[in-house]
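Encoded as structure tokens, the structure appears first; notes follow it.
No value in this document is a laboratory result; all are computed from the given coordinates. What you see is a predicted model, and the numbers here were worked out from it, not measured in a lab. Heads up, the Cβs are rebuilt from the backbone with ideal geometry, glycines too, and the neighbour counts pull from every protein chain shown.
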Amino acid sequence: MQRIFSGIQPTGNLHLGNYLGAIRNWVRLQDEYECLFCVVDMHALTAWQEPRELVANTREVTAGLLAAGLDPERNIIFNQSQVRGHAQLAWIFSCVARMGWLNRMTQFKEKAGKHRENASVGLFAYPTLMAADILLYKATHVPVGEDQKQHLELTRDIAQKFNNDFGVEFFPLVEPLIFGAATRVMSLRDGTNKMSKSDPSDYSRINMTDDADTIVVKIRKAKTDPAPLPAEPDGLEDRPEAANLLGLYGALSETSLEETCQRFAGASFSDFKNEFAELSVSVLGPIQDEMRRLSADPGHVDAVLRQGAGRARDLAAPILAEIEEIVGYLRP
């Protein structure tokens with residue numbers, strides 16, 4: 001069976017963008033693939049994390065995955081730091097990858113900004129850890145968004161160079177899994193920026209922990225423009241907020257943008273927002289209720305992660321042992 005690896009950072013404030021952009025798709029993938037879903041707490045350390053918050057965020061994200069429908073019996077769900085093989089393989093890949101490859105990574109340039117000299121080595125080198133995450137399990141596919149394609153290309157480069165350097169055909173060249181109608185989830189306050197947990201305004205996003213009243217208020221306060229809603233998607237050109245809200249409605253109702261435009265053609269934003277809020281609460285409410293229930297039972301969440309980590313270690317162990325033999329590690 002083809003094997004998928006995908007990860008999510010435990011940086012708090014799981015929001016609608018995470019759900020529509022990744023988690024909902026993961027739930028669908030579990031019917032077709034052998035899946036590993038990882039809460040990448042090691043990657044989270046590339047930015048400062050208050051230790052207690054990191055623990056809480058790891059549990060919150062895991063609760064969100066389970067509440068959305070990921071089955072811990074059918075999938076391997078775990079947090080990265082419980083499987084030491086990720087760090088061990090990342091070191092080997094740090095010796096395979098080239099500095100020039102990492103220097104070309106656009107995400108490092110964006111995150112480090114003008115302060116590259118003060119950026120951590122971890123932030124610079126984390127694409128090698130990402131490659132280790134994937135190849136430790138010989139995953140064949142990775143779901144990717146636009147901002148991750150470059151890192152997946154680097155993973156393929158590392159796999160190919162390892163194979164060439166050691167004269168083996170060991171690592172697969174992992175393939176991207178791109179969803180046909182990817183949902184671009186933008187800020188409720190600025191339709192030109194992605195919905196983000198780092199945005200200082202809580203009104204810019206719908207958090208997966210928001211209650212129904214909060215969701216309704218945020219949608220009512222979402223930025224719009226004075227024109228009525230168009231009958232065709234072409235009418236959304238240069239109207240980023242309208243395009244975002246209609247796109248979110250379509251994603252939650254699982255209808256096309258064309259159908260959504262036809263449904264609300266000529267309507268005012270106030271009427272549209274009422275229906276959008278009602279839909280959002282009906283779709284997200286059951287997930288949020290289950291997420292709150294799971295969050296109140298951290299022992300259960302920890303047990304899921306512990307069981308998943310054990311299964312991940314069992315899967316990784318023979319692969320890592322063979323890698324270490326290939327590179328020449330002396331073993332008793």
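Points to keep in mind about this one:
- Overall form of the stretch 119-174: oblate. Here a/c, set by the Cα gyration tensor axes a ≥ b ≥ c, is 1.5 or more, and a/b is not larger than b/c.
- Pairs of Cα atoms farther than 15 Å apart, the stretch 202-293, %: 58 percent
- When the stretch 202-293 is described by a simple charge dipole with +1 on each Lys and Arg Cβ and -1 on each Asp and Glu Cβ, the residue from 233, 247, 216 located farthest towards its positive end is 216.
- Taking each DSSP H run with n ≥ 4 as -39500 (n - 2.57) and averaging over every residue of the chain yields -16500 deg cm²/dmol at 222 nm.
- Those lysines that a straight Cα-Cα span of less than 26 Å connects to residue 114, excepting residues fewer than 8 apart in one chain: 149, 194, 197
- Amide H partners (placed H, <5 Å) of residue 194, local residues excluded: 187
- In terms of its C-alpha gyration tensor, the stretch 45-173 has an oblate overall shape, because the principal axis ratio a/c (a ≥ b ≥ c, square roots of the eigenvalues) is not below 1.5 and a/b does not outweigh b/c.
- Cα shape, the stretch 269-328, gyration tensor, a/c 1.5 rule: oblate
- Estimated vicinal HN-Hα couplings, Hz - the stretch 240-252 in sequence order (Karplus 6.51, -1.76, 1.60; Gly, Pro = x): x, 5, 4, 4, 5, 5, 5, x, 5, 4, x, 5, 5
- Eigenvalues of the alpha-carbon gyration tensor of the chain, scaled by 5 and square-rooted, set the equivalent ellipsoid semi-axes at 38, 22, 19 angstrom, largest first.
- Kirkwood-based shape ratio for the stretch 156-212, expressed as Rg/Rh from alpha carbons: 1.32
- Most mobile listed residue (168, 185, 39) in the chain, GNM with C-alpha springs under 10 Å: 168
- Angle between the chain longest axis and helix 149-166 axis [Cα atoms, degrees, rounded to 10]: 10 degrees
- Estimated Rh, the stretch 121-234: Kirkwood, alpha-carbon pairs, angstrom: 17.7 Å
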